[in-house]
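Enquirer: After the structure tokens below, expect a handful of questions from me.
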Amino acid sequence: MWLCRSGLIKMKFIFITLFPEFIADACNFSIIKRGREAGLFTVQSINPRDFTTDNHRTVDDTPCGGGAGMVLKVEPFFAALAAARALAPDALVVALTPAGEVLGQPRVEQLAHAQQDIIFLCGHYEGFDQRILDQADLKISIGDYVLTGGEMPALVMLDTLIRFIPGVLGKSESAMEESFSNNLLEYPQYTRPIEYQGKTVPDILLSGDHAKIKQWRLKEAIRTTYLLRPDLLAKANLSKGEGKLFLEVVAETKDKTNE
Ligand code: ADE
């Protein structure tokens with residue numbers, strides 16, 4: 001449902017960041033660039049520094065109560081957020097912080113299907129004044145590690161979301177997408193040469209039997225997931241046929257360890 005009366009619904013992604021060039025550069029490659037240039041979504045940045053009123057264009061200050069480090073100031077970030085909200089009044093405000101909900105595919109899909117514009121609040125080096133964080137509808141972390149800023153996490157989120165916008169992925173990329181749904185990891189892929197340094201491509205992929213190849217790929221996706229990420233497999237909704245392949249994989253793995 002990406003159509004409205006006036007045409008395509010164009011998701012707006014607005015980054016509140018002290019480093020707009022970082023965002024612009026990152027969005028100037030590959031699929032993100034192509035999708036942007038095709039007008040499938042828009043990306044823009046608003047710099048809180050542009051809303052400072054002092055000669056030094058100060059965006060941070062020492063923490064109240066003392067201590068090391070600096071804290072991002074409330075006034076320039078509030079002003080930047082107001083400017084972003086004027087451009088996208090119904091946008092979801094997402095703050096990127098290691099203290100947020102760890103991003104997973106279910107949240108990505110929920111946000112992608114909501115098709116709501118998104119304002120990313122990106123901090124850098126220092127923490128936000130809590131009153132800035134309190135403006136966010138959602139706080140997101142991209143993993144249990146600390147980065148120097150929220151720009152890369154916000155770009156990760158952008159990348160995961162735009163993949164769901166119709167037309168952003170090309171035909172072959174969409175086909176790949178379908179085969180990787182249902183919490184399964186990628187099956188092994190090969191291209192020419194058929195033999196390299198004694199290592200060969202599995203015969204089945206050269207057989208021309210498309211039904212058998214499809215089945216082999218599904219089984220190998222199940223095998224890879226079982227061996228590398230069994231936690232994902234527990235979440236996968238396997239069909240009866242997939243369940244049978246899974247049992248074969250388990251038996252084959254046991255046989256291998258008993259060899
Ligand atoms: N800012 C710094 N580290 C982060 C992380 N892991 N996720 C989101 N924002 C961050």
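Enquirer: Can you tell which of 107, 57 is under 21 Å from the mean Cα position of the chain (by Cα), in the same structural domain as residue 155 (by TED's automatic domain parsing) and basic (Lys, Arg)? Working first, answer last.
Expert: On the way: 57 fails: under 21 Å from the mean Cα position of the chain (by Cα).
Of 107, 57, the one residue that is under 21 Å from the mean Cα position of the chain (by Cα), in the same structural domain as residue 155 (by TED's automatic domain parsing) and basic (Lys, Arg) is 107.
Enquirer: For residue 139, which of the numbered conditions (1) farther than 30 Å from residue 119 by Cβ; (2) at pLDDT 95 or above; (3) not β-branched (Val, Ile, Thr) fails to hold?
Expert: Of everything listed in (1) farther than 30 Å from residue 119 by Cβ; (2) at pLDDT 95 or above; (3) not β-branched (Val, Ile, Thr), residue 139 misses just condition (1).
Enquirer: Still on this structure: Any idea which residue in region 106-121 is surrounded by the most Cβ atoms within 10 Å (Cβ to Cβ), counting only those that are within 16 Å of the ligand (Cβ to nearest atom) and in a helix (DSSP H, G or I)? Don't jump to the end; show me each part of the working.
Expert: Taking region 106-121 first, the residues within 16 Å of the ligand (Cβ to nearest atom) are 107-108, 111, 118-121.
So of that shortlist, the ones also in a helix (DSSP H, G or I) come out as 107-108, 111.
Numbers: 107: 15, 108: 17, 111: 21.
Looking at the filtered set, the residue picked out is 111.
Enquirer: Restricting the search to region 123-154, which residues are more than 11 Å from the ligand (Cβ to nearest atom) and not in a strand (DSSP E or B)?
Expert: Let us first name the residues in region 123-154 that are more than 11 Å from the ligand (Cβ to nearest atom), namely 129-138.
129, 130, 131, 132, 133, 134, 135, 136, 137 - these are the residues of region 123-154 that are more than 11 Å from the ligand (Cβ to nearest atom) and not in a strand (DSSP E or B).
Enquirer: If you go through region 142-162, how many residues are within 20 Å of residue 115 (Cβ to Cβ) and not hydroxyl-bearing (Ser, Thr, Tyr)? I'd like the intermediate steps shown before the answer.
Expert: Applying the first criterion (within 20 Å of residue 115 (Cβ to Cβ)) to region 142-162 yields 154-162.
Pick out the ones that are also not hydroxyl-bearing (Ser, Thr, Tyr) and you get 154-159, 161-162.
Of the residues in region 142-162, 8 are within 20 Å of residue 115 (Cβ to Cβ) and not hydroxyl-bearing (Ser, Thr, Tyr).
Enquirer: Find all pairs meeting these conditions: Cβ atoms under 6 angstrom apart; at least six residues apart or on different chains; first residue within region 141-161 and over 10 Å from residue 98 (Cα atoms); second residue near the ligand (Cβ under 6 Å from one of its atoms).
Expert: So the pair list comes out as 154/96; 156/142.
Enquirer: One residue is enough: does region 168-175 have a residue meeting the conditions within 16 Å of the ligand (Cβ to nearest atom) and in a loop (DSSP other than H, G, I, E, B)? Before the answer, list the steps.
Expert: The first filter runs over region 168-175 and keeps only residues within 16 Å of the ligand (Cβ to nearest atom), leaving none.
Within region 168-175, none of the residues are within 16 Å of the ligand (Cβ to nearest atom) and in a loop (DSSP other than H, G, I, E, B).
Enquirer: Would you point out the residue of region 212-259, among those that are surrounded by 11 or more Cβ atoms within 10 Å (Cβ to Cβ) and of a type in the set (Lys, Arg), that is nearest to residue 183 (Cα to Cα)?
Expert: 235
Enquirer: Go through region 225-258 and give me each residue that's of a type in the set (Val, Ile, Thr) and touching a residue at least 12 places away in the same chain (Cβ under 8 Å). Working first, answer last.
Expert: Kept after step one, since they are of a type in the set (Val, Ile, Thr), are these residues of region 225-258: 225, 249-250, 253, 257.
Answer for region 225-258, where residues must be of a type in the set (Val, Ile, Thr) and touching a residue at least 12 places away in the same chain (Cβ under 8 Å): 225, 249, 250, 253.
Enquirer: Condition test on residue 103, is it in contact with a helix residue (DSSP H, G or I) (Cβ under 7 Å, 6 or more places away or on another chain) and either under 24 Å from residue 61 (Cα atoms) or not β-branched (Val, Ile, Thr) (or both)?
Expert: Details: in contact with a helix residue (DSSP H, G or I) (Cβ under 7 Å, 6 or more places away or on another chain): yes; either under 24 Å from residue 61 (Cα atoms) or not β-branched (Val, Ile, Thr) (or both): yes.
When the stated conditions are applied, residue 103 passes them.
For (1) farther than 22 Å from residue 167 by Cβ; (2) surrounded by 15 or more Cβ atoms within 10 Å (Cβ to Cβ); (3) free of Cβ contacts under 8 Å to residues at least 24 places away in the same chain, each residue gets a yes or a no:
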{"site": "32", "(1), (2), (3)": "no, yes, no"}
{"site": "39", "(1), (2), (3)": "no, no, no"}
{"site": "45", "(1), (2), (3)": "yes, yes, no"}
{"site": "53", "(1), (2), (3)": "yes, no, yes"}
{"site": "57", "(1), (2), (3)": "yes, no, yes"}
{"site": "61", "(1), (2), (3)": "yes, no, yes"}
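Enquirer: Which of the residues belonging to region 75-98 are away from the ligand (no atom under 16 Å from the Cβ) and touching a Phe, Trp or Tyr at 6+ places or on another chain (Cβ under 7 Å)?
Expert: 76, 79, 80
Enquirer: In region 27-62, how many residues are over 25 Å from residue 82 (Cβ atoms) and out of contact with any strand residue (DSSP E or B) (no Cβ under 8 Å at 6 or more places or on another chain)?
Expert: Count: 8.
The values are calculated or read from the model by the stated rules, or taken from the named source; none is laboratory data. None of the values given here were measured: they were computed from a predicted structure. Because the Cβ atoms are built from the backbone with ideal geometry, glycine has one as well, and the counts that use them run over all protein chains shown.
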